[in-house]
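Q: Quick one: the structure is below, and I'll ask about it shortly.
Each value in this text was obtained by applying a stated rule to the coordinates, not by laboratory testing. Keep in mind the model is a prediction, meaning the values are calculated, not measured. Counting neighbours? That spans all protein chains shown, and the Cβs are built from the backbone with ideal geometry, glycine included.
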Amino acid sequence: MQQNPVSGRSNEIVREKLASILLYHITDPRLAFVTIQSVEVSRDRSVARIYVTAERGHYDEAAEGLESAKGRMRSLLGTDLGWRVTPELRFHIDTSLDEAERIAAILKESPFAKGNKTDDKEEQANDGAAPVIAVKAAKAAEEAEGPGRGTEDIAGHLGNEASKERE
């Protein structure tokens, strides 16, 4: 959704209100470790996309809990906001933190990471460039696929970047 200063304030207000509702009014144990990351409210305030994170491995439980608490949350939100229209709540589970951890682990295990030096003189000469190559590969994968996607191709990007640097 397109953002402007007014919608930015609306997003923040709805995020704070929903976080408060989730903390103080919803007692579902499936939502114990759910955190509201961000909210995007449509221009006409009829729809709110809520991006949440949950404990790893409990995404399905969190989605079910949010779906069952959606009506109560919307009712309490409408009371708190005082807007003419209470937005429809659409929850989206954000797994980008898990993806970032997975990428970090892949990069840490890669032959380009510091500490994984080889005896080859050419590799030793390029040790300072290796972390730069890994960062470039990660950025290229993110730009090609968007945030949270394209992590499967990082090893391919690393190989291609490394071969270009050697030539």
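Q: F91's amide H: which non-local residues (gap 5+, or another chain) put their own amide H closer than 5 Å, with H modeled 1.01 Å from N in plane and none for Pro or chain starts?
A: I50
Q: OK, next. Take every Cα pair under 8 Å in the range 5-93 that's 6+ residues apart, average their separations, divide by the length, and report that relative contact order as a whole percent.
A: Computed value for the range 5-93: 33 percent relative contact order.
Q: For a quick check: with amide H placed at 1.01 Å from N, whose amide H comes under 5 Å from V47's, ignoring anything fewer than 5 positions away on the same chain?
A: S42, E88
Q: Also: Using the Karplus curve 6.51 cos²θ - 1.76 cosθ + 1.60 with θ = phi - 60°, work out ³J(HN,Hα) for each residue of the range 31-42 in order, rounded to whole Hz, and write x for Gly and Pro.
A: Result, rounded to whole Hz: 9, 4, 10, 8, 10, 7, 7, 7, 9, 10, 9, 5.
Q: From the phi of every residue in the range 71-87, what ³J(HN,Hα) in whole Hz does the Karplus formula 6.51 cos²θ - 1.76 cosθ + 1.60 yield, where θ is phi - 60° and glycine or proline is x?
A: x, 5, 4, 5, 4, 5, 5, x, 5, 5, 6, x, 7, 4, 10, 8, x
Q: Within the set of other residues whose C-beta is less than 13 Å from the C-beta of D60, count the net charge using Lys and Arg as +1 and Asp and Glu as -1.
A: -2
Q: Given H placed on each backbone N at 1.01 Å, which residues far from S38 in sequence or on other chains put an amide H within less than 5 Å of it?
A: For S38, whose amide H was placed from the backbone, the distant partners under 5 Å are Y51.
Q: With label points built 7 Å along Cα→Cβ from the Cα atoms of E88 and F33, find their separation and express it in nm.
A: Result: 3.2 nm between the two label points.
Q: Using just the alpha carbons, could you tell me how many Å³ per residue the convex hull of the range 5-93 encloses?
A: 77 Å³
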